[in-house]
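One structure below.
The values are calculated or read from the model by the stated rules, or taken from the named source; none is laboratory data. From a predicted model like this one, the values you see are computed outputs, not experimental measurements. Here the Cβ is made from the backbone with ideal geometry for all residues, glycine too, and neighbour counts use every protein chain on show.
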Amino acid sequence: MAEQKGYIYDKNSLKLLSEFAYPNVLGEGWGLTYDGKNLIASDGSKLLYFLDPKEPSKVIKYIAVAGSTQAYDQLNELEYHNGFIYANVWQKPIILKINPANGEVVGTFDFTEIAKQNTKGSDDVLNGIAFKGENMLVTGKNWPKIYEVQIK
Ligand SMILES: [Ca+2]
């Protein structure tokens, strides 16, 4: 049973500051990122939800993520960078580049090769995305490495 709770921590001390009720429309809490204005949350569906950080129990809007010829589902870890949302698809070695205005997938990054080298069990999926300057940092569950990827 999901508790439907969000937790707010101080980023320096990692002290728990407060809790809030997760919006009811979100099935589960999966990924979370911040675009400088809103929190953006995934719940394992094809939807991304925009929350007001001052009132995170309320959904401001949501977008459905899709490519021009392909549907996506089970959006997981999220990272916002330079005007786009990056998301991985659960149990797939790909990262999507998403236009936050309409949910359109404008690019995909295929990490099949590095996922293969790091996946021992079925849970060892790619699920970590961050940025260091303009380079993408990619890792996964139980992976011994973090990859720094130059994007062209
Ligand atoms: Ca991240």
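What the table below lists for this structure:
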item	result
Residue selected from segment 46-61 under the condition at pLDDT below 95 and either within 16 Å of the ligand (Cβ to nearest atom) or part of a loop (DSSP other than H, G, I, E, B) (or both), by the criterion farthest from D73 (Cα to Cα)	K54
Hits in segment 65-84 - residues which are closer than 15 Å to A101 by Cβ, more than 16 Å from the ligand (Cβ to nearest atom) and not in a loop (DSSP other than H, G, I, E, B)	A66
Condition broken by E104, with the remaining ones in (1) away from the ligand (no atom under 16 Å from the Cβ); (2) surrounded by 18 or more Cβ atoms within 10 Å (Cβ to Cβ); (3) within 21 Å of L26 (Cα to Cα) satisfied	(2)
Near pairs, Cβ below 6 angstrom, 6+ apart or cross-chain, from segment 67-93 (more than 15 Å from L39 (Cα to Cα)) to any residue that is small (G, A, S) and crowded, with 22+ Cβ neighbours inside 10 Å	L75/S42; L75/A87
Hey, A115 surrounded by 14 or more Cβ atoms within 10 Å (Cβ to Cβ), modelled with pLDDT under 95 and away from the ligand (no atom under 15 Å from the Cβ) or not	yes
Checking I129 against (1) of a type in the set (V, I, T); (2) surrounded by 12 or more Cβ atoms within 10 Å (Cβ to Cβ); (3) closer than 15 Å to W90 by Cα; (4) more than 15 Å from the ligand (Cβ to nearest atom), the condition it does not meet	(4)
